[in-house]
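The values are calculated or read from the model by the stated rules, or taken from the named source; none is laboratory data. Not measured: the values here are computed from a predicted model. A quick note on method: Cβ atoms are made from the backbone with ideal geometry, for glycine too, and the neighbour counts reach across all protein chains shown. The accessibility values were calculated without ligands, DNA or RNA, using every heavy atom of the protein model including side chains. Shrake-Rupley method; radii C 1.70, N 1.55, O 1.52, S 1.80 Å.
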Amino acid sequence: MSDTSRDNSRDNAMSLAALSSERIEPDDNAWTRRLVLFLRIMAVISIVKGLYHWAQVTGFIGGEEEAFENQTMAWQTATIYFAVIELVAAVGLWLATPWGAVVWLTTVVSMAVIELMFPGIYGGSLVVVGAEAVMLAAYLALAWMAARERPP
């Protein structure tokens, strides 16, 4: 077999390999992309919640009777806690880092606990608890599906 025929057969094999790799494959990371999109949406929500709490602390929202100084110590403590932790969670969620999800989960559970166990602080709204539970369930479902995409 001559060198030119060997080169031609090798080139044909390479072009066949290239064609076969260009076939449209099903997207193997669809759930991971959905999880990242969910985390980014939760990051935006966390930014809004964090800025809302900072607006309460600084007095940009609310009247004289609702001023930060006029609230109970428990309310002030919870508000400052959420003002800080929500923004930290937002950064981690936007970057889709594991620590961001952990901090965000901490905020979700903290808000649900405060609403359920200490209703005197923020009013004990079951709507807030329900919304936090739905977000937590959505995260867990998406994380589960994304983990199934990547075998160990």
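Somewhere in region 77-86, is a residue open to solvent by 30 Å² or more (accessible area, probe 1.4 Å) and either touching a Gly at 6+ places or on another chain (Cβ under 7 Å) or at positive phi (or both)? No, region 77-86 contains no residue that is open to solvent by 30 Å² or more (accessible area, probe 1.4 Å) and either touching a Gly at 6+ places or on another chain (Cβ under 7 Å) or at positive phi (or both). Is at least one residue of region 102-116 farther than 21 Å from residue 54 by Cβ and open to solvent by less than 30 Å² (accessible area, probe 1.4 Å)? Looking through region 102-116, at least one residue is farther than 21 Å from residue 54 by Cβ and open to solvent by less than 30 Å² (accessible area, probe 1.4 Å).
Being β-branched (Val, Ile, Thr) and either without any contact (Cβ under 8 Å) to a residue 12 or more places away in the chain or open to solvent by 80 Å² or more (accessible area, probe 1.4 Å) (or both) is a property that residue 134 has. Here's a check for you: in region 33-60, which residue that is among the charged types (D, E, K, R) and touching a helix residue (DSSP H, G or I) at 6+ places or on another chain (Cβ under 7 Å) is farthest from residue 106 (Cα to Cα)? Among residues in region 33-60 that are among the charged types (D, E, K, R) and touching a helix residue (DSSP H, G or I) at 6+ places or on another chain (Cβ under 7 Å), the one farthest from residue 106 (Cα to Cα) is 34. For first residues located in region 34-46 and closer than 15 Å to residue 98 by Cβ, partners that are open to solvent by less than 10 Å² (accessible area, probe 1.4 Å) and not small (Gly, Ala, Ser) and lie 6+ apart or on another chain with Cβ distances below 7 Å form the pairs 39/93; 42/93; 42/104; 43/93.
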